[in-house]
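> For reference, the structure I am asking about is given below.
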Amino acid sequence: MQAPLHSALETAAADVILRDGSTLRLRAPAPDEAGALEAFFAGLSARSFYQRFHGIRPVDGSLVEHLLEPDWPDRGVLVGVSGERIVAVAEFMRLRDETSAEVAFAVADEHQGRGIGTRLLEQLATRAAATGIERFVAEVLPENAPMLQVFRDAGFEVARELEGGEIEVRFPIAATETYRARVDERDHAAVTASLRPFFAPGSVAVVGASRRRGSIGGELFRNVLAADFQGAAYPVNRDGEAVGGVRGYAKLDELPEVPQLAVVCLPGRFVIESVLEALELGIKAVCVISSGFAEVGGEGVQRQAELLDLVREHGARLVGPNCLGIAIPPLGLNATFGPRPLPPGPIAFSSQSGALGLALLEKASERRLGFSSFVSIGNKADVSSNDLLEWWEEDPATEVVLLYLESFGNPGKFSRLARRVARRKPILALKAGTTNAGAKAASSHTAALAGSDTAVEALFHQAGVLRARTLEELVDATALLANQPLPSGPRVGVLTNAGGLGILCADACEEAGLELPEPGEETRAALAGLVPEDASLANPIDMLGSATAASYAQAIPPLLADKRLDALIVLFVPPVVAGADEVAAAIRETVEAAGSDKPVLAVVMSAAGTPACLLEAGSPVAPFQYPESAARALGVAVARSEWLRQPAGTVPELDRVDRAAARRVIDEAGAGWLSPDQARALLEAYGVPVVSEREAASVEEAVEAARELGFPVVVKTAAAGAHKTESGGVALDLPDEKQVAAAVERIGAPVVVQSYVSGGAELLAGVVQDPVFGPLVAFGPGGVLAELIGDAAFRLAPLTDIDAAELVQTGKAGRLVAGFRGAPAADAAALIDLVHRLSALAEDFPEVAELDLNPVIAQPDRCVVVDTRIRLEPTAPRRSPKTW
């Protein structure tokens with residue numbers, strides 16, 4: 001048997017976040033930790049020890065020996081470590097029923113009630129499932145309420161039986177949608193608790209706050225003062241000098257109170273010592289502005305790892321390092337070295353780049369946009385966009401979320417979290433860079449079709465994140481979503497005094513997926529008496545250059561009342577007869593008086609810039625500089641409106657899935673391309689319909705196989721991973737033994753003999769593991785022209801029912817499924833079930849690096865896979881121990 005491909009996942013350390021917002025590291029015990037384990041068990045109260053072991057045992061080497069070298073396929077052990085001390089131990093041991101394992105754990109008495117047991121159970125279940133274990137069994141004393149509560153809280157389905165005075169608890173450990181939801185609930189409560197000192201600090205210390213003007217620490221502290229922070233602010237510098245008229249301190253422990261937030265602005269080599277001082281005082285929120293960490297490589301990477309380890313050991317949270325800082329305008333907190341304080345407002349903004357964050361804030365200030373908070377996460381060693389989304393989901397001051405992203409730490413978590421938050425608040429993202437999934441040499445159709453940006457597009461589409469391509473688009477869309485109602489549909493009316501401007505806007509609307517229907521009869525009748533005879537009442541409505549402020553005031557109300565329109569874009573370029581300011585005032589006053597629930601966008605062009613009345617707070621009109629900008633922003637708003645109207649979707653639980661059988665195939669095969677019989681066994685373990693086939697090692701065996709299957713048949717090379725069509729390794733529709741024998745002679749044994757399936761649409765379904773985002777499920781036109789035709793769509797696993805239906809029933813593949821040019825419609829339900837099964841397989845077994853089913857023959861009453869290529873490779877260690 002090959003060495004298992006999954007060991008890296010099972011033995012990786014994991015940082016978990018607890019109920020009170022503190023953090024804890026879980027890891028496998030080291031071989032030299034017998035003494036630490038004995039000390040842990042000796043430190044348990046008599047009651048806790050009895051509940052763990054159901055009796056009294058001596059605490060010696062025999063008690064802990066089996067914990068020191070877990071093999072993971074059959075025995076797994078995790079310890080929770082706080083500083084240098086073990087505070088929790090959990091283990092599983094596989095039973096004779098290889099799909100079951102007994103589980104047990106213990107938590108130090110003073111650490112009970114913090115959620116450690118539940119987090120241990122989560123991590124053990126993840127690791128055990130990777131080895132093929134499907135359920136946990138535990139023997140619990142009836143009076144052991146804490147352990148029973150852990151099992152109830154975890155989110156698994158629990159069955160209990162009394163036997164001999166003990167309770168036997170049995171539960172499946174598959175990560176169902178219900179289970180994930182419970183984990184996410186725990187994460188949400190814990191993360192928001194951990195972030196409170198950043199977003200609602202009563203006191204702030206700035207370490208490195210020099211009195212020297214121009215220094216980062218000094219300017220940052222002065223920014224805190226200038227923004228009129230509502231709490232206490234303390235400058236800390238080497239000489240204890242006053243800064244900005246505020247008494248200074250040489251060390252944190254000299255302060256009159258322990259500050260809730262420490263902002264560190266020291267050279268990188270001094271940061272560790274300063275942060276340790278803060279953590280030992282009990283400070284739980286640290287923001288490191290300093291550079292010289294992972295962004296510089298070399299020793300900076302090690303310095304950042306050391307910094308994070310310190311933060312984890314003390315159960316604290318870290319923003320940065322290498323960041324611009326944090327600002328909470330409603331509190332008057334501006335702990336950044338930006339040039340000016342931010343006005344309060346409804347927008348929350350997270351930026352992975354300090355420079356780009358400043359650029360966006362400058363653009364936003366031009367539009368007079370206000371912020372609930374701004375966090376520059378820099379290297380995001382700890383606090384990430386995911387964490388911030390957890391806070392902003394409940395933050396009453398936040399109505400719109402902006403993200404500038406350069407990388408994803410936990411894309412699966414981001415997907416679930418963003419999908420949840422986006423139902424309540426719009427999320428707009430500007431994503432820089434792309435993944436490398438499609439850049440490496442592609443060896444399957446599925447991999448070849450997965451472009452470098454495919455995963456990001458799939459992630460944002462499924463999660464309801466609105467993607468901007470430029471900084472300008474991000475600001476424009478934010479301005480609209482922060483101040484205007486959502487359109488109920490894509491139909492927009494365009495009102496202009498210049499035909500050329502209207503045409504530009506109409507073209508941009510079409511590119512943005514918007515529609516320009518003709519106004520209703522009642523609207524046209526109302527407009528007819530307001531505009532010159534030769535004006536256009538089609539859409540765009542062109543009032544000609546003679547239009548005045550009064551013309552706009554009269555034309556807008558009937559357009560807003562028209563039920564055929566969902567939004568209105570108003571365009572104006574100054575002619576001789578009217579000025580920009582008076583027209584802008586008329587537009588604003590008219591829209592205010594109309595009280596419409598439709599978004600109104602205005603492009604009032606002027607040498608002096610956008611008229612001030614449209615930029616003022618409370619304006620019912622969203623101003624833009626150009627018609628193309630307005631159209632793109634409205635397209636984003638329509639996309640959000642359409643996403644919100646879709647059902648949320650659920651991930652189905654599949655029948656006919658044998659994970660243990662799949663695990664055996666993967667462990668026995670090892671890395672590389674699977675043979676035809678291995679690929680078939682893996683697919684059948686997940687209930688994927690595969691054409692009947694036989695493997696043959698000679699001409700005689702192939703002929704016999706053809707007789708068993710019945711003519712006509714197909715003969716293919718059995719070479720693992722071969723591109724059969726390109727290499728001439730396939731012969732189709734063979735009607736008799738003679739042609740079968742000839743085909744085997746030409747192709748060369750061994751071969752696979754299959755039943756010939758004719759009729760139906762040829763489709764492609766597959767999976768490719770993105771190195772960052774995990775499994776991508778593909779579906780599109782198939783056959784030999786799959787890559788030429790293209791148009792394969794991708795979604796990230798796990799697929800909801802909505803995701804799967806979109807894959808199958810939209811695009812070119814959807815046209816084939818629906819019955820192209822008179823062909824009978826294919827069995828869409830069978831195809832949807834197929835992609836669900838691929839999604840589950842790819843998520844359960846990340847070792848499946850590439851899976852290519854091409855073609856899948858889709859017929860009116862079924863679908864069947866007639867060609868398969870599957871490649872395995874070892875799973876990479878988790879990039880970060882952070883689990884939330």
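The values are calculated or read from the model by the stated rules, or taken from the named source; none is laboratory data. Source: prediction; values computed, not measured. Neighbour counts are summed over all protein chains in view; Cβ atoms, including those assigned to glycine, are modelled from backbone coordinates with ideal geometry. For accessibility, only protein heavy atoms count, side chains too; no ligands or nucleic acids. Shrake-Rupley method; radii C 1.70, N 1.55, O 1.52, S 1.80 Å.
> Apply the Debye scattering formula to segment 788-851, with a single equal point scatterer on each alpha-carbon and no solvent, then give log10 I(q)/I(0) at q = 0.14, 0.18 Å⁻¹.
With one equal scatterer per Cα and no solvent, log10 I(q)/I(0) is -0.44, -0.69.
> With the other protein chains left in place, how much accessible area per residue, in square angstrom, belongs to segment 245-301 at a 1.4 angstrom probe?
46
> Another question, then. Hey, what D do you get for segment 7-81 in µm²/s if you plug the Kirkwood alpha-carbon radius into Stokes-Einstein at 4 °C and 1.567 mPa s?
94
> Might you tell me the accessible area per residue for segment 470-605, computed with a 1.4 Å probe and given in Å²?
Value returned for segment 470-605: 40 Å² of accessible area per residue.
> When you count, for each residue, the other Cβ atoms within 10 Å and take the mean per peptide, how do 488-498, 634-644, 165-175 rank with the highest first?
Packing proxy ranking, top to bottom: 488-498, 634-644, 165-175.
> Now for a separate question. In a solvent-free Debye calculation with one equal scatterer on each Cα, what is log10 I(q)/I(0) for segment 772-884 at q = 0.17 Å⁻¹, listed in the order of the q values?
Debye curve over Cα of segment 772-884, log10 I(q)/I(0) at q = 0.17 Å⁻¹: -0.83.
> Which percent of the Cα-Cα distances in segment 295-419 go past 19 Å?
For segment 295-419, the fraction of Cα-Cα distances above 19 Å is 50 percent.
> Of T725, T118, which has the most accessible area with a 1.4 Å probe, and how do the rest follow in descending order?
T725, T118
> So, with a 1.4 angstrom probe, what is the percent of accessible area on the chain that is carbon and sulfur?
51
> Going Cα to Cα from K251, which lysines come in below 22 Å? Please leave out same-chain ones fewer than 8 positions away.
K284
> Find which of P343, P172, A705 sits farthest along the positive direction of the dipole of the chain, computed with +1 on the beta-carbon of Lys and Arg, -1 on that of Asp and Glu, about the Cα centre.
P343
> Separate question: Compute the distribution of all C-alpha to C-alpha distances in segment 1-128, in bins of 5 Å from 0, and list the percent of pairs in each, rounded to whole numbers.
Histogram of Cα-Cα distances, whole percents per bin: 2, 10, 21, 24, 21, 13, 6, 2, 1, 0.
> Taking the highest mean first, how do the peptides 831-840, 524-533, 374-383, 194-203 order by number of other beta carbon atoms within 10 angstrom per residue?
Averaged packing, sorted descending, gives the order 374-383, 831-840, 194-203, 524-533.
> Could you grab the Rg to Rh ratio for segment 689-818? Cα atoms only, Kirkwood for Rh.
Taking Rh as the inverse mean 1/r over Cα pairs, Rg/Rh reads 1.06.
> Same structure, new question: So how long is each side of the chain along the principal axes, counting just the alpha-carbon atoms, biggest first, in Å?
The principal-axis extents, from largest down, are 92, 82, 52 Å.
> Here is a follow-up. Using θ = phi - 60° and the Karplus relation 6.51 cos²θ - 1.76 cosθ + 1.60, list the HN-Hα couplings for segment 262-279 in order, rounded to whole Hz, with x at every Gly or Pro.
Each residue's phi maps through the Karplus curve to give 10, 10, 9, 10, 9, x, x, 6, 9, 5, 4, 4, 5, 5, 4, 4, 5, 5 Hz.
> Let me ask something else about it. Give the span of segment 498-561's Cα atoms along each principal axis, as three whole-Å numbers ordered largest to smallest.
Principal extents (largest minus smallest coordinate, Cα): 32, 24, 19 Å.
> Determine by what factor the alpha-carbon radius of gyration of segment 58-140 differs from 2.2 N^0.38 Å, reporting the quotient.
Computed over Cα atoms of segment 58-140, the ratio equals 1.10.
> When a/c is below 1.5 the answer is rounded, else prolate if a/b is larger than b/c, else oblate, so apply that to segment 101-179 with a ≥ b ≥ c taken from the square roots of the Cα gyration tensor eigenvalues.
Oblate is the answer for segment 101-179, as a/c is 1.5 or above yet b/c matches or exceeds a/b.
> Do any of K380/K425; K380/K413; K380/K431; K363/K425; K413/K598; K431/K598 go past 26 Å between their Cα atoms, and which?
K413/K598; K431/K598
> Another question about this same structure. I'd like the Kirkwood hydrodynamic radius of segment 209-297, using the inverse of the mean 1/r over distinct C-alpha pairs, in Å.
13.5
> Based on the alpha-carbon gyration tensor of segment 645-689 and its eigenvalue square roots a ≥ b ≥ c, which shape applies: rounded if a/c is under 1.5, prolate if not and a/b is larger than b/c, or oblate?
prolate
> How would you classify segment 105-258 from its alpha-carbon gyration tensor, with a ≥ b ≥ c the square roots of the eigenvalues: rounded for a/c under 1.5, else prolate if a/b is greater than b/c, otherwise oblate?
prolate
> On average, how much accessible surface per residue is there in segment 789-845, in Å², for a 1.4 Å probe, leaving out ligands, DNA and RNA?
In whole numbers, segment 789-845 has 38 Å² accessible per residue.
> Something else about it: What's the ranking of 733-745, 860-872, 46-58 by average number of surrounding C-beta atoms within 10 Å, highest first?
My ranking of the peptides, most packed first, is 860-872, 733-745, 46-58.
> For q values of 0.23 Å⁻¹, compute log₁₀ I(q)/I(0) with the Debye formula on a Cα-only model of segment 547-620, without solvent.
-1.05
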